[in-house]
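Values in this text are rule-based calculations from the coordinates and carry no lab data. Not measured: the values here are computed from a predicted model. Note that each Cβ is placed from the backbone with ideal geometry, even for glycine, and that neighbours are counted across all protein chains shown.
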Amino acid sequence: MDERTLLILGLLKSQSQHGYQINDFIERNLGRVSDMKKATAYSLLKKLNESGLIEATTEQDGNRPAKQVYSITPAGEEKFYKLLRMSLVQVNDYLPHGDIGICFMDQLPKDEVIGNLNERLAKTEELLASYEAVPPHVEHLHGVNLTIRHRIALFRCDIEWMKQTIEELRTRS
């Protein structure tokens, strides 16, 4: 499933935009749920245009340089809905960073493992706090709010797991 394509098509479904607007919106509103870089967005816009899922028109505003304005096509809308439905039912088998290290933690002294997990716990709690500080988005972006809440729930689960694991290690002989 290509979530980046879904993201671009979804943004263009709401309104025609030029590349800068798309990148600015992603950066300001979706930076915590998408890691798409500007170069990737522009490359994807070109690819989607070439495949007929979006169309580009040139707009001139006074003496300013001409801008490419992108709009979704009927084929793009069809692809958007297909990708959206696939995304909503998709289940991921998460591969969190650090799990391979957990597999081999018995190779280190227990006190060192506990110290490392405490450091990881503190970093995760900081990350959780940063997500909890994200202000709610406007009403038409309710899905963004749900995505942030999903991330918060995942961090809380990870924190609980780390606390339980640290306690288990402390009490294990």
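Some observations on this one:
- Dividing the summed helix terms, -39500 (n - 2.57) for each DSSP H run of n ≥ 4, by the number of residues in the chain produces a 222 nm estimate of -21000 deg cm²/dmol to the nearest 500.
- Over 19 Å (Cα to Cα) - which of LYS37/LYS79; LYS38/LYS79; LYS110/LYS163; LYS37/LYS82 fall in this group: LYS37/LYS79; LYS38/LYS79; LYS37/LYS82
- Distance between the 7 Å Cα→Cβ label points at GLN68 and THR147: 2.3 nm.
- Measuring nothing but how far apart in sequence close Cα pairs (under 8 Å, 6+ apart) lie, relative to its length, the chain scores a relative contact order of 22 percent.
- Simple spin-label estimate for TYR42 and ASP61 in nanometres, 7 Å along Cα-Cβ: 1.8 nm
- R0 of 25 Å, Cβ-Cβ distance ARG170-LYS123: FRET efficiency to nearest 0.05: 0.80
- Stretched out straight at 0.36 nm per residue, the stretch from SER34 to GLU132 would grow longer than its current Cα-Cα span by 33.6 nm.
- According to the Kirkwood relation over distinct C-alpha pairs, the hydrodynamic radius of region 99-171 is 13.9 Å.
- On the principal axes of its alpha-carbon atoms, the chain has extents of 73, 32, 29 Å, going from largest to smallest.
- Residues LYS110 and GLN90, FRET efficiency given R0 of 35 Å [Cβ-Cβ distance, rounded to 0.05]: 0.35
- Among 82-89, 110-117, the order from most to least packed when residues are scored by Cβ within 10 Å on average: 110-117, 82-89
- Across all directions, the average projected area of the convex hull around the alpha carbons of region 70-113 is 5.8 nm².
- Within straight-line cross-link reach of LYS47, aspartates and glutamates at Cα separation under 12 Å, skipping those fewer than 8 residues along the same chain: GLU55
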